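Data first, discussion second: the structure below is written as structure tokens.
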Amino acid sequence: MATSTAPKAQPIRPPRQPHGGHAPVRAGLIDPAMLAKALPDAFRKFDPRTLWRNPVMFVVEIGALWSTVLTARDSSWFGWLVVFWLWLTVLFGNLAEAVAEGRGKAQADTLRKTKADTIARRLRGWSPDNPGTEEDVRAPELQKGDIVVVETGETIPGDGDIVEGIASVNESAITGESAPVIRESGGDRSAVTGGTTVLSDRIVVRITQEPGKSFIDRMIALVEGANRQKTPNEIALNILLAALTIIFLFAVATLQPLAIYSKISNPGVDDSSALTNNGVAGIVLVALLVCLIPTTIGALLSAIGIAGIDRLIQRNVLAMSGRAVEAAGDVDTLLLDKTGTITLGNREASEFIPVQGVTPEELADAAQLSSLADETPEGRSIVVYAKQAFGLRERSPGELNHAQWIEFTATTRMSGVDLDGRQLRKGAANSVTNWIREQGGTIPTGLGDIVDGISAAGGTPLVVGVVNNGNDGAAAKKADVLGVIHLKDIVKHGMRDRFDEMRKMGIRTVMITGDNPLTAKAIADEAGVDDFLAEATPEDKLALIKREQEGGRLVAMTGDGTNDAPALAQADVGVAMNSGTSAAKEAGNMVDLDSDPTKLIEIVEIGKQLLITRGALSTFSIANDIAKYFAIIPAMFVGLFPGLGLINVMRLHSPQSAILSAVIFNALVIIALIPLALRGVQYTPSSASKLLSRNLYIYGLGGVVAPFIGIKLIDLLVQFIPGMG
């Protein structure tokens, strides 16, 4: 039996607010105040030294600049309107990235407030046997390996591990959770974070950070995007977009000699602002290029990546890199600890099994009485089960003043009560049966089969025994076994459905447990995982990860102890618990500030949503380009080539209005898709083939249809502008 204290009932709390109580920005919605803050950043991004990192938008900026020069030399309403919307295209692309970064900066501002200029109490010459001498020093001057002392009410000056003492710590500055946590030296709960506050007692901490590289410093840099490097997928997509841009650049360039030749061959066709005897006007060539290259995804690509990291931050998960988020979306194997992730972590009573000659009601009454003083989660569950299954009123120890309560100890492995001439005991099977024999009783022949059956099914058997003390001396004493309590690990509600969803996505789930193989198999079957690793050691975890990776699979896992560090470092996605050791947090590429192992499944879903969003908007952008091609080219050259009238389905007012309408639509579609880029495409678990079909149907077909409708509607308005004839 576990000896931990039973958790007290917790009041219902309002929804958590990460990082100091500030409500998270709702994903996908653009707050006007944040938009106003992002605009200056968007204008700063016009700097070519910044914009060259985005090849597509860099080409648009060069085109806008060249168009401005051309229009200044030969001014016209048409020219200046095209120039205006070309610059707006660059601005909207910059704004998408600035808004995404602004959401991170809002989080960073809150974190920065926790970085007070703390005075640390550094101990010189400290050792476990020597208290050392104390000196005051500014927290930023602390070096890795320094020893500091922190007492009640003081702020912990830097990240480190407790080497002496135990304390209650308020970590709300980091996690947003107001409930204090216990941190103590030794074990896996020794790590503390700079900026948090000691609420009680005294601790001695060894600093584990380099100056300026604390946990909060890294969080601020990451959420602001200062350290965000492009992921391999982003780099590959940028290369593809750059290649498409070059292809369209050559394609547009070849239109010029074709247009000159065709115009000379058809002298009866009137000149226009778009087409003269000198060929296609320079500003029209630029507008045509901007409309044909994949500006939509080029403008939104960075915002999609930043928003993916932001969605994790809003769930109190810190990703050390965008690559980790992408890897989560590509994960093939999930390694999940049984306790706390798949099961509730506390065994609960699920059945009372009486021996022959004992009624279930007698066993339930004895089990409840013997558990009233047992404050462990298991003991509490026995009292609750007796009440729910047998209608027994829950009694408290205070009602039975004449009772003598027997507390559980590691030596006896039993607990119980002496009441009204009866001694009731419950506990481990061996302990209770030995006690019955010592009291002169015998063990029922069927008890062993009941105990073994529960163990084989993955449960924990607790035997209940009674000694009746008669009034006429020892001769009347009678010791009996009443039955067995079946404690079982309770699989969290909905876990089987979650694992079914993982299976649909092609993800293999493996349960990691220290239980024996029989127990592990029973829980694995109930939870619905694909495989399990029983009696697992840290070395076993590491070996399993390597085997999976050798088969070409990406692996994700969680951990919190120093012994988990090698496996966390080896895994493609290693999620360390914030409550764990510094070694674990350094080894992983993500940190869960809530220390909730179940969140690994959410992390994988966010990673997949990021990849799906990028794929969907890329599909929409390329389909857009194809549709705009069929909208612009026929309108421009239908006068020269009457046969193009067959594909001139939009019947736009003029070549000038067609060009301007396409440029306007090209700019507006970027701003229209920013909320979707920030929120992410709705994700539903399914196979890769189904997701591909869905994206092609919705975003491919939508990308083709939207320009035809949008450009036509804009053309109906711009045709009344002077110079559009």
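For Lys546, the aspartates and glutamates whose Cα comes closer than 15 Å to its Cα, not counting residues fewer than 8 places off in the same chain, are Asp332, Asp564, Asp572. When segment 347-489 is described by a simple charge dipole with +1 on each Lys and Arg Cβ and -1 on each Asp and Glu Cβ, the residue from Gln368, Phe408, Gly453 located farthest towards its positive end is Phe408. The listed peptides 711-721, 557-567, ordered by packing as a protection proxy, come out as 557-567, 711-721 (highest mean of other Cβ atoms within 10 Å first).
Per-peptide packing, taken as the mean over residues of other Cβ atoms within 10 Å, places 592-599, 286-293 in the sequence 286-293, 592-599 from highest down. For Trp52, the accessible area of its heavy atoms, probed at 1.4 Å with every protein chain present, is near 150 square angstrom. Mean projected area of the Cα convex hull of segment 532-581, taken over all directions, amounts to 3.4 nm².
Normalising the average separation of contacting C-alpha pairs (under 8 angstrom, six or more residues apart) by the number of residues puts the relative contact order of segment 534-647 at 15 percent.
Using the Cβ-Cβ distance between Ala253 and Ser687 with R0 set to 41 Å, the FRET efficiency works out to roughly 0.45. Across segment 347-489, Cα pairs under 8 Å and at least six residues apart give a relative contact order of 29 percent. Here the dipole of the chain is about 2380 debye; that uses its Cα centre as origin and unit charges on the Cβ of Lys and Arg (positive) and Asp and Glu (negative).
Considering only DSSP beta bridges where both residues belong to the chain, give the percentage that are antiparallel (nearest 5).
Numbers: 66 of 85 bridges.
Rounded to the nearest five, the antiparallel share is 80 percent.
When the Kirkwood radius is taken over all Cα pairs of segment 347-489, what Stokes-Einstein diffusion coefficient follows at 20 °C and 1.002 mPa s, in µm²/s?
Values: Rh = 15.0 Å.
Once the numbers are plugged in, D ends up at 143 µm²/s.
For Lys263, a cut-off of 27 angstrom between C-alpha atoms picks up these lysines, skipping any fewer than 8 places away in its own chain: Lys628, Lys712.
Starting with the highest mean, order 416-423, 304-311 by the number of other Cβ atoms within 10 Å, averaged over the residues of each peptide. Before the final figure, lay out the partial values.
Numbers: 416-423: 17.8, 304-311: 25.9.
Going from most to least packed, we get 304-311, 416-423.
The helix-based estimate of mean residue ellipticity at 222 nm for the chain, built from -39,500 (n - 2.57) per DSSP H run of four or more residues and divided by its residue count, is -15500 deg cm²/dmol to the nearest 500.
When +1 charges are put on Lys and Arg Cβ atoms and -1 charges on Asp and Glu Cβ atoms, the dipole computed for segment 347-489 relative to its Cα centre reaches about 120 debye. Placing unit charges on the Cβ atoms of the charged side chains and taking the dipole of segment 569-725 about its Cα centre, the candidate lying farthest along the positive direction among Ile671, Met590, Gln656 is Gln656. Distant-in-sequence amide contacts of Ala281, defined by a placed amide H-H separation under 5 Å and a gap of 5 or more residues or a different chain, comprise Leu275, Thr276. Legend: calculated FRET efficiency, Gln549 to Ile166, from the Cβ-Cβ distance at R0 = 30 Å, rounded to 0.05, equals 0.15. Placing unit charges on the Cβ atoms of the charged side chains and taking the dipole of the chain about its Cα centre, the candidate lying farthest along the positive direction among Tyr697, Ser579, Met511 is Tyr697. Among the protein heavy atoms, those of Leu91 account for about 20 Å² of accessible surface (1.4 Å probe, every chain in place).
For the chain, the relative contact order is 15 percent, taking Cα pairs closer than 8 Å that sit 6 or more residues apart in sequence and dividing their mean separation by the residue count.
Using 18 Å as the Cα-Cα cut-off, could you pick out the over-long pairs in Lys144/Lys585; Lys488/Lys541; Lys504/Lys608?
Correct reply: Lys488/Lys541.
Note on segment 693-711 and segment 550-586: Cα centroid distance 42 Å, given to the nearest whole angstrom.
The values are calculated or read from the model by the stated rules, or taken from the named source; none is laboratory data. Computed from a predicted structure; not experimentally measured. Because the Cβ atoms are built from the backbone with ideal geometry, glycine has one as well, and the counts that use them run over all protein chains shown. Side chains are part of the model used for accessible areas, which takes the heavy atoms of the whole protein and leaves out ligands, DNA and RNA. Shrake-Rupley method; radii C 1.70, N 1.55, O 1.52, S 1.80 Å.
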